[in-house]
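Quick notes on the structure that follows.
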Amino acid sequence: GSWGVVMASQSPLSELIRKKRDGERLEDGDIHSFIRAVTEGTAQQGQIGAMLMAIRLRGLDAGETLALTRAMAGGGRVLAWPPPWHGRLVDKHSTGGVGDKVSLALAPALAACGCKVPMISGRGLGHTGGTLDKLEAIPGFRVTQSPEEMRTILGRVGCCIVGQSEELAPADRVLYELRDVTATVDSPPLITASILSKKAAEGLSALVLDVKFGGAALTPTRESARELAHSLVTVGRALGVPAVAVLSRMDEPLGRCVGNALEVLEALECLEGGGPPDLRELVTTL
């Protein structure tokens, strides 16, 4: 009867949301079908938001987190690099904090050491400007580069900082924006999957993670930062990305400048051997 019609039209996604809402474990297949629905656009925004909140409140175990990261990474293409670069492809990711302009100084510094740095970066998340927002303070700077353009830039200057293209980790772009408006930014499994799905696409030889803790960070305590760092390193290595993490304090802004254009200038000072000591120290440590 009509009951059968209602049941048939029900999205299987609602069943997956219910499972996680009730604290049950999601199978790898469940997670893959959720991410496929996100990528293909068949999941309603409300459903994605509900799943993010269920994950934020109920958590994911290590296996679920790995499956989520793998599903998000697998949705796009993986970058391929010339054989001579193998072993020299490196990147860093920071969990973000006020005045964190480290990438702007670190990427060229690594390139100067002979590394290739194919950094896929993000927009602002939570209360901080993202590296891409900072770079766009430079008139005419274009953060959208195709994989082919990235290879050209890496060949010429050794590093690039670009946004996520349509092809790279497409599900993350959707989830990233929704996390920001659904108060689910601070979930360790979601942070882990978001960061590493992008990094897995880069074909890296090494990844360093700057996990911040303190009043102005995503993770307020050293313990919560260590937990996130452990999750990132474990899942990274399971994906074949050799990763290490550094815990750094974020109780006050890094450097002396806050604001996209000002931070670019401060990073340039750092590259010229000047700039504030705390910024130089963190860049050097990483």
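The values are calculated or read from the model by the stated rules, or taken from the named source; none is laboratory data. Just so you know, these numbers come straight off a predicted model, no measurement behind them. Here the Cβ positions follow ideal geometry from the backbone for every residue, glycine too, while neighbour counts run over all protein chains shown. All accessible areas refer to the heavy atoms of the entire protein, side chains included, with ligands and DNA or RNA removed. Shrake-Rupley method; radii C 1.70, N 1.55, O 1.52, S 1.80 Å.
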>> Quick check on my filter: what residues within segment 63-120 are in contact with a Phe, Trp or Tyr (Cβ under 8 Å, 6 or more places away or on another chain) and not basic (Lys, Arg)?
In response: Ala71, Leu89, Pro118
> Within segment 82-95, can you find the residues that are crowded, with 20+ Cβ neighbours inside 10 Å and out of contact with any Asp or Glu (no Cβ under 9 Å at 6 or more places or on another chain)?
Replying inline: Val90
> Name the strands (runs of 3 or more DSSP E) wholly within segment 54-165 that hold at least 2 residues that are over 19 Å from the mean Cα position of the chain (by Cα)?
Replying inline: none
> Take the residues of segment 208-242 that are within 15 Å of the chain's Cα centre (by Cα) and without any contact (Cβ under 8 Å) to a residue 40 or more places away in the chain: which is surrounded by the most Cβ atoms within 10 Å (Cβ to Cβ)?
Replying inline: Ala229
>> Anything in segment 152-190 that is among the acidic types (Asp, Glu), under 26 Å from Val264 (Cβ atoms) and open to solvent by 10 Å² or more (accessible area, probe 1.4 Å)? List them, or say none.
In response: Glu177, Asp180
> Looking at segment 81-89, is at least one residue hydrophobic (A, V, I, L, M, F, W, C) and farther than 22 Å from Thr234 by Cα?
Replying inline: yes
> Out of the residues in segment 260-286 that are charged (D, E, K, R) and open to solvent by 20 Å² or more (accessible area, probe 1.4 Å), which is farthest from the chain's Cα centre (by Cα)?
Replying inline: Glu272
> For segment 195-207, which residues satisfy the criterion of being of a type in the set (S, T, N, Q) and either surrounded by fewer than 24 Cβ atoms within 10 Å (Cβ to Cβ) or touching a strand residue (DSSP E or B) at 6+ places or on another chain (Cβ under 7 Å) (or both)?
Replying inline: Ser205
